[in-house]
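Asker: My structure is below; once you've seen it, I'll send some questions.
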Number of protein chains: 2
Amino acid sequence: MAVIFAERMDLMCASEIREILKITQRPEVISFAGGLPAPELFPVEAMKQVAVKVLNEAGQEALQYSTTEGFERLRQQIAARMNRKFNTNVQENNVLITSGSQQALDFSGKLFLSAGDVVLCESPTYLAAISAFKAYQPRFIAVPTDDQGMIIEELKKILETTTNVKLIYIVPDFQNPTGRTWSLTRRQQLMEVVNEYELPVIEDNPYGELRFEGDFLPAVKSMDTKGLVIFVSTFSKTFCPGLRVGWIAADSRFIERYVLIKQGADLHTSSLSQREISAYMDMYDFESHIANIIKVYRSRRDAMVNAMEEYFDSAVTFTRPQGGLFTWVEMPKHIKAVSLLKECLQHHVAFVPGDSFFPNGGVENTFRLNYSNMPEERINEGIRRLAMVMAKYNNYK
Amino acid sequence: MAVIFAERMDLMCASEIREILKITQRPEVISFAGGLPAPELFPVEAMKQVAVKVLNEAGQEALQYSTTEGFERLRQQIAARMNRKFNTNVQENNVLITSGSQQALDFSGKLFLSAGDVVLCESPTYLAAISAFKAYQPRFIAVPTDDQGMIIEELKKILETTTNVKLIYIVPDFQNPTGRTWSLTRRQQLMEVVNEYELPVIEDNPYGELRFEGDFLPAVKSMDTKGLVIFVSTFSKTFCPGLRVGWIAADSRFIERYVLIKQGADLHTSSLSQREISAYMDMYDFESHIANIIKVYRSRRDAMVNAMEEYFDSAVTFTRPQGGLFTWVEMPKHIKAVSLLKECLQHHVAFVPGDSFFPNGGVENTFRLNYSNMPEERINEGIRRLAMVMAKYNNYK
């Protein structure tokens, strides 16, 4: 015998891009590559107060094992906020606390996917959801997607001709990587199809609260009459990612199974982190904290969009997100984003090539830009340099 | 179509015992059922100092996303302590921080097990390891085990006649559930067999530092010349479980794959929790904290063993653990621990029937007792009541 890894490990390989991007940690690099929130907005002083208060009032409980489902008060707060913010109708016992929304994605793969099963997703879709699901060896079908969301006629065609579809995965609000938001009509049309086929939908919504402008759109979960939508979110973008607290809100037939999965996976999420977030929401004005994040990210989005308008060639298109952390750039077909990245790194500018956001690859002329983690001047300078490098590929003119 | 769960979910069912034991949360119940550390020993005051210090000195970093591998300083501290405490020879880059050791078990299943593969384990073995591995649909073979550890001749016989063995799982120090510790000889013999077959071994060691008496025994990992032993531990028993911080220490060919798994599963463990534990070890005397836990648990172990000697019939046997949190009781074959539990709950005493610690079941006359979470008087009273109920089954006399 010998050491043999499970078959699934063949699919889980270290990303070449991740290796290239390791150098973006250096301070001289203007990095649009990560998805990091602005750390200067973290409520560090408040967190000191919160930590001391939690330890004073419930120190032993906060440091002890706790229930898998999560801290009761926090589950209540999440349910109440969701219903207020997203028009949903969930109760405390529909909420399971997870260690970030990444864990919710991993658990969703574990719950629904056997090898060879099909996951339907947007095109492009969230890179780390692909990574999470891959551990369960599914086949991905990327549904053609435009500025309004998945093209529902295409979704229907796929469902009519495909067996073993087990899951639909979507990011309807300020999507990672494109920054796009689904229209109301597409949300309604999706639910009609989903209800007809009785398929579970993962609605991944980490950015929905970070809307800079434009009309509020109800969550897909709010239109869910058959309990098929599994809403996944996190405090990573509205509060602090380092605490690793996210949640799943879903019908109890799903939650009870997610709880079994979580028992086997890590017993429960940090009792202390859960109580700290809950205490923060009781002690401070969480809505005004979010309003402040929105204000800063809106300026950064403006800086990036303005710089792209100023410096990019007209053959290069990009999205103008109404919220969230990302914009998405499409170049003429002959320009490969990976080559562009390598050259940009010489000029200390980084981004993520778009190809890895397509589960089956093959789209090499796109890239994702993050604007939440850089001040305006550096955004402008970074886009200027990026445009300068892109201009060398000037046979698109 | 319809909602269809993955096949693995058929194996992950809610435990009947867990449901029964839910009532043990009530204050009037003397519960020997859980595996909870004594919360009165948690360093609550110190944790306030630590939280403030971490937020003062590195607030933004402690609340931001961080590397999957874990906080560098903490990985160094863990490697140094392991080498000092367990005679191992690991470096910082052999250490991956996990969200408790439960996560290390789940990841080990993910790394090594495809459906139908074989896991070898002790008989009985740790319940939650069975749960974690079950998600990957292996077959368990429980190797006959005595007071010295796995019986190596039996292990050899199984290896000679079994294909697809992918993993050996052991808890050599103060095992959960039995409290037993492997002898030095068995550790050495195991490594001979493991080296011959080149099989990965998970050495799960959450209790090793909690030795009350008797000679130190080196970790199996310290005898590992081929990099086959994956050492798994946690701060849950020596510090605070609520923080959910554990680790894997292993050869880099394993660590690099565990890192990929962790990226997909939850990105990283709480930055704040990691920095708090690290700061605690820098600011306070961690060894004297552990010495205090040992002192308290030794008294409780004494109280339980003394009470069992006083009250139990001589036909009932039990272990006298030299460390850890548990003792293990074997009754005459005709007494079913589940029936006993139901009756004991009427008298407000709880424990965990032993059957679920056998991956393939079938051993119904055993149970596990925890002594870390109850003061001596209640331990005495609980064992007295337990003996009283057991005595009704007095046809064993």
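Asker: Give me the inter-chain shielding for B:13-21: mean count of other chain Cβ atoms within 10 Å, whole number please.
Answerer: 1
Asker: Further question on the same structure: Please average, across the residues of A:269-281, the number of beta carbons from any other chain that are within 10 Å of each residue's own beta carbon, and give a whole number.
Answerer: Mean inter-chain Cβ contacts per residue within 10 Å come to 3.
Asker: In this model, which of A:Lys156/B:Lys134; A:Lys166/B:Lys110; B:Lys134/B:Lys166 are farther than 25 Å apart at the alpha-carbon?
Answerer: Correct reply: A:Lys156/B:Lys134.
Asker: A follow-up question, please. Suppose R0 equals 56 Å; then what is the FRET efficiency for B:Ala115 and A:Leu184 from their Cβ-Cβ distance, rounded to the nearest 0.05?
Answerer: In this case the efficiency is close to 0.85.
Asker: Still on this structure, I have one more. Nearest-5 percent of antiparallel DSSP beta bridges in the stretch A:44-283?
Answerer: Beta bridges within the stretch A:44-283, antiparallel portion: roughly 40 percent.
Asker: Enumerate the calculated ³J(HN,Hα) couplings along the stretch B:237-242 in order (Karplus 6.51 cos²θ - 1.76 cosθ + 1.60, θ = phi - 60°), each rounded to whole Hz, writing x wherever the residue is Gly or Pro.
Answerer: Values, residue by residue: 9, 9, 9, 9, x, x Hz.
Asker: Pairs of Cα atoms under 8 Å, at least six residues apart: use those to get the relative contact order of chain A, whole percent.
Answerer: 23
Asker: For chain A, what does the helix formula give at 222 nm: sum of -39500 (n - 2.57) over DSSP H segments with n ≥ 4, over the residue count, nearest 500 deg cm²/dmol?
Answerer: Per the formula, -13500 deg cm²/dmol.
Asker: Across the stretch B:348-362, in residue order, what do the Karplus-derived ³J(HN,Hα) couplings come to in whole Hz, using 6.51 cos²θ - 1.76 cosθ + 1.60 with θ = phi - 60° and x for Gly and Pro?
Answerer: Taking θ as phi minus 60°, the curve returns 6, 10, 10, 7, 10, x, x, 3, 6, 8, 9, x, 9, x, x Hz for the stretch B:348-362.
Asker: Taking B:Lys48 as the anchor, which aspartates and glutamates have their alpha carbon closer than 19 Å to its alpha carbon, excluding any fewer than eight residues away along the same chain?
Answerer: Once the sequence-local aspartates and glutamates are set aside, what remains near B:Lys48 is A:Glu45, A:Glu57, A:Glu61, A:Glu276, B:Glu40, B:Glu57, B:Glu61, B:Glu276, B:Asp282, B:Asp285.
Asker: Only helices at least 15 Å long along their axis, Cα-based, and averaging -0.5 or more on Kyte-Doolittle count here, so list those DSSP H runs from chain B.
Answerer: Result, helices passing both filters: B:44-63, B:100-112, B:252-266, B:271-283, B:286-311, B:376-391.
Asker: In whole Å, how far is the Cα centre of the stretch B:328-388 from that of the stretch A:222-249?
Answerer: Going from one Cα centre to the other spans 40 Å.
Asker: Using amide H atoms built in the peptide plane, which far-off residues or other-chain residues are under 5 Å from B:Tyr65 H to H?
Answerer: The answer is A:Gly242.
Asker: Mind listing the long-range amide H neighbours of A:Phe318? Cut-off is under 5 Å, sequence gap 5 or more, other chains count too, H placed in the peptide plane at 1.01 Å from N.
Answerer: Residues meeting the amide H criterion: A:Glu330.
Asker: Turning to a different aspect of this structure: Mind telling me which of A:Asn373, A:Asn176, A:Asn195 comes out most flexible in a GNM of chain A, alpha-carbon contacts under 10 Å?
Answerer: Of the options given, A:Asn195 has the highest mean-square fluctuation.
Asker: Measuring from label point to label point, each 7 Å out along Cα→Cβ, what is the B:Lys333 to B:Arg384 span in nm?
Answerer: 3.5
Asker: Looking at the protein assembly as shown, what % of its DSSP beta bridges pair antiparallel, to the nearest 5?
Answerer: 55
Asker: Quick one: net charge around A:Gln148, please, counting Lys, Arg +1 and Asp, Glu -1 for every other residue with C-beta under 11 Å from its C-beta.
Answerer: After counting each charged neighbour, the total is +1.
Asker: Within the stretch A:162-176, what residues put their amide N at less than 16 Å from the label point 7 Å along the Cα-to-Cβ vector of A:Lys226?
Answerer: A:164-169
Asker: Could you go through the stretch B:113-123 in sequence order and give the Karplus-derived ³J(HN,Hα) for each residue, using 6.51 cos²θ - 1.76 cosθ + 1.60 with θ = phi - 60°, rounded to whole Hz, and x for Gly and Pro?
Answerer: Taking θ as phi minus 60°, the curve returns 10, 9, 3, x, 5, 10, 10, 9, 9, 5, 10 Hz for the stretch B:113-123.
Asker: Hey, another quick one. Hey, with R₀ at 60 Å, roughly what FRET efficiency would B:Thr67 and B:Glu343 work out to, going by the Cβ-Cβ distance, to 0.05?
Answerer: Step by step, r from the Cβ atoms, then E = 0.70.
Asker: Please give every one of the lysines within straight-line cross-link reach of B:Lys295, meaning a C-alpha to C-alpha distance under 21 Å, and leave out same-chain neighbours fewer than 8 residues apart.
Answerer: B:Lys85, B:Lys237
Asker: At 7 Å along the Cα-to-beta-carbon direction for both A:Arg139 and A:Glu57, put a label point, then send me their distance in nm to one decimal.
Answerer: If labels sit at A:Arg139 and A:Glu57, their model points lie 5.3 nm apart.
Asker: For A:243-256, what's the mean count of beta carbons from other chains sitting within 10 Å of each residue's beta carbon?
Answerer: If you average over the peptide's residues, the count of other-chain Cβ atoms is 2.
Asker: GluC sites (Glu not before Pro), restricted to the stretch B:211-287: which are DSSP loop and have at most 14 other Cβ atoms within 10 Å?
Answerer: Those that pass, being in a loop and sparsely packed, are B:Glu213.
Asker: For chain B, modelled as a Gaussian network with Cα springs under 10 Å, which listed residue fluctuates most, B:Ile158, B:Ile141, B:Ile170?
Answerer: Most flexible of the set in this elastic network: B:Ile158.
Asker: Here is a further query. Put a dot 7 Å past each Cα toward the Cβ at A:Asp146 and B:Gln49; how far apart are the dots in nm?
Answerer: The modelled label-to-label distance comes out at 6.5 nm.
Asker: In straight Cα distance, which aspartates and glutamates are under 13 Å from B:Lys336, not counting same-chain residues fewer than 8 positions off?
Answerer: Qualifying aspartates and glutamates at Cα under 13 Å: B:Asp355, B:Glu364.
Asker: Evaluate E = 1/(1 + (r/R0)^6) for A:Asn292 and A:Thr162, where r is the Cβ-Cβ distance and R0 equals 45 Å; express this FRET efficiency to the nearest 0.05.
Answerer: The value I calculate is 0.50.
Asker: Using 0.36 nm per residue of separation minus the Cα-Cα distance, give me the extension gain between A:Gln76 and A:Lys22 in nm, one decimal.
Answerer: Using 0.36 nm per residue and subtracting the Cα-Cα distance, I get 15.5 nm.
Asker: Next question. Which ordering of A:Ser273, B:Ser114 is given by a fewest-first count of other beta-carbon atoms within 10 Å?
Answerer: So the ranking, lowest neighbour count to highest, is B:Ser114, A:Ser273.
No lab work stands behind these numbers, since they all come straight from the coordinates. All of these numbers come straight from a predicted model, not from anything done at the bench. As a convention, Cβ positions derive from the backbone with ideal geometry for all residues, glycine included, and neighbour counts pool all protein chains shown.
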